[in-house]
Every structure is written in structure tokens, then in C-alpha cells.
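Step one of this worksheet: look at the structure below.
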Amino acid sequence: MGMIEVEDFKKSFGSKQVHKGVSFYVKTGECLGLIGGSGAGKSVILRSLIGLERPDSGKIVIDGTEVTALKERELVEVRKKVAYVFQGGALFDSMTVFENLAYPLREHTQLSETEIRRKILHQLEEFGLGGNENLLPASLSGGMQKRVGLARAMMMSPEVVLYDEPTAGLDPYNTKKIQEHILDLKRRGVTSILVTHDMPTAFAVCDKLAILLNGRIEAQGTMEQLEKDSKGLIAKFINGEAA
């Protein structure tokens, strides 16, 4: 059905059941906005898609591969095609921007240092970061750090990108930049899931939304479909009435 399929996903932490049977799918090239209140477990779902968390039960399929059944060493192949853009950028503080982007290439490819350098400098130009390769992350603004994190995530040319609050705390300029990068990757056929509280960004880049509420997906569909939804969940979420 889709590049990503999640079926009856259940997950508890201690006595608290966070996910009570989450199901959704994302077609190839689509961007799904996963929205819901704080503590709803959106990031747990993202982490589970690449095996950083394990569901108690249910199924996760990425490009035909059942992820939950894989051993750690088998997950490496999945993680090569699925990039995770962490909320804070998750850069290595002691490494320069160049070294941060070189890390996945040195770990997972046989490229020469000359090829790696060429690829990184091109990537930095693509993300409007040219000339910053020798800086440490602490020298960059929050918005630039997030863009470096996104540039690093794209170094392996993934088929799927998982965005965890990529615009949180950003000014309008950097928010717009992140939106443009997400839309550009969509045009290249990248499949993605966007976890966000930033509804303007969700409306700008997502093909459809899935609303996570009370441990389940309460509504899923295109913007137009959800706006006509009898429960009015999008309006309630935006107005702070659904959490």
C-alpha cells in the first residue's frame, strides 16, 4: 500500500499505555504530517520506524521490509535508506560542519576523501551553508544547526526522511528555509513524515495529516478531507481544544 505502513502499533512505558493501536501509511513521495499534543508519543513512533524503539505489538513495514522483526545488524540497511532529522540537529559538538557531514559517508560508503569533500561542499551549497564547513556547531545559529542536521541526513541520499519538530524555535526566515528544503526533497520523490506542532509548516509541506489522539490515529486524510471532517479535529487542535 505504501512506502511506510504502520499497523496496530502498541507501546507502553511502565503502566502507561501510550499507543493503543496506531495505524497509518505513507505512499512513495508523500509527506505525512503527524500531529498531536505533547506526550502523545509522536517521536516514539518515529524512533520505532528505524528500530531505536520497539513496539510491544503491531507491525512496521518500510519499502516492503518488516522492521520490527529485524536484528540490530539488519537494521543498518534500513537506516541507510531512512534518514532521521532530530529536533535539535544532533550534531557532534567536537566536530566541524565538514566532519559532521563526512561521518555517514566514511561509515557506510567506500568513497575516497576527494569524492567525500566534493559531495559535502556541493551539499552545503545546496542548503545555503557554503563557507561554513570549518566551523564548529557552537558557532552556528539554531537555524543553521538545523539546516546542517538536515544536510547531514541527506548525505546518504535516503528514500525516506523522518522530521522531528524541524522548525521548533526557529525564526520565520529559517522556518521558511526548512519548508523549502522539505518541498525540494518531495519533488525529488523522497517520502517523509513530519512530526510538528507548527501547523503553518504542516499545511505548507504535507500532502495529508494524521491526528494522534488518545493513543490512536483519530483522523487521517488530505487537508481538504480533514477540514470537512465532522469532528473538526484540526480546528480543535489548532485552537488548543484537542490534546
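Here, each number is a calculation from the coordinates, and none is a lab measurement. Everything quoted here is computed from the prediction, not taken from an experiment. For neighbour counting, all protein chains shown are included, and Cβ atoms are generated from backbone atoms with ideal geometry for every residue, glycine included.
Work out the length of the dipole vector of region 23-127 about its Cα centre, built from +1 on the beta-carbon of each Lys and Arg and -1 on the beta-carbon of each Asp and Glu, and round it to the nearest 20 debye.
180
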Check your understanding: For the chain, what's the relative contact order in percent, using C-alpha pairs closer than 8 Å and at least 6 residues apart?
Key -> 28
Study note, to complete from the structure: Taking only C-alpha positions in the chain, Rg and Dmax in angstrom work out to 18.1, 57
Check your understanding: In nanometres, what is the gap between the two model label sites at V76 and T109, each 7 Å from Cα along Cα-to-Cβ?
Key -> 1.7
Review point. Given only helices, namely DSSP H runs of n ≥ 4 each adding -39500 (n - 2.57), what is the per-residue ellipticity at 222 nm of the chain, to the nearest 500 deg cm²/dmol?
Key: -11000 deg cm²/dmol
Revision key, fill the gap. Rounded to whole Å, √(5λ) for the Cα gyration tensor eigenvalues of region 1-69, largest first, gives 20, 14, 9
Study note, to complete from the structure: Per-residue Cβ contact counts at 10 Å, fewest first, order L213, L70, L194 as L70, L213, L194
Review point. What do you get when you divide the Cα radius of gyration of region 40-163 by 2.2 N^0.38 Å, with N the number of residues?
Key: 1.13
Point to revise | Residue exposure sequence - K27, K81 - by fewest surrounding Cβ within 10 Å | key: K27, K81
Check your understanding: Put +1 on the Cβ of each Lys and Arg and -1 on the Cβ of each Asp and Glu in the chain; which of P200, I120, H19 then has its Cα farthest toward the positive end of the dipole?
Key -> H19
Review point. In terms of modelled amide H atoms, which long-range or inter-chain residues lie less than 5 Å from the amide H of M3?
Key: V26, K27, T28
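Take the cross-link list K42/K208; K80/K146; K71/K177 and give me the ones stretching past 27 Å between alpha-carbons. Write down the numbers at each step before the final one.
Details: K42/K208 16 Å; K80/K146 20 Å; K71/K177 37 Å.
The pairs that break the limit, which is 27 Å between Cα atoms, are K71/K177.
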Review point. If Lys and Arg each add +1 and Asp and Glu each add -1, what is the summed charge of the other residues whose beta carbon sits under 12 Å from the beta carbon of G169?
Key: -2
Check your understanding: Put +1 on the Cβ of every Lys and Arg and -1 on every Asp and Glu Cβ in the chain; which of S38, G142, G189 then has its Cα farthest towards the positive end of the dipole?
Key -> S38
Revision key, fill the gap. Surrounding charge for K10, neighbours by C-beta under 9 angstrom, Lys/Arg +1, Asp/Glu -1, total 0
Exercise for review: With +1 on each Lys and Arg Cβ and -1 on each Asp and Glu Cβ, and nothing else charged, work out how big the dipole of the chain is about its Cα centre, in Debye to the nearest 20.
Suggested key: 260
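Let me know the charge dipole size of region 83-141 about its Cα centre in debye, to the nearest 20, where only the beta-carbon of Lys, Arg (+1) and Asp, Glu (-1) is charged.
It works out to roughly 60 debye.
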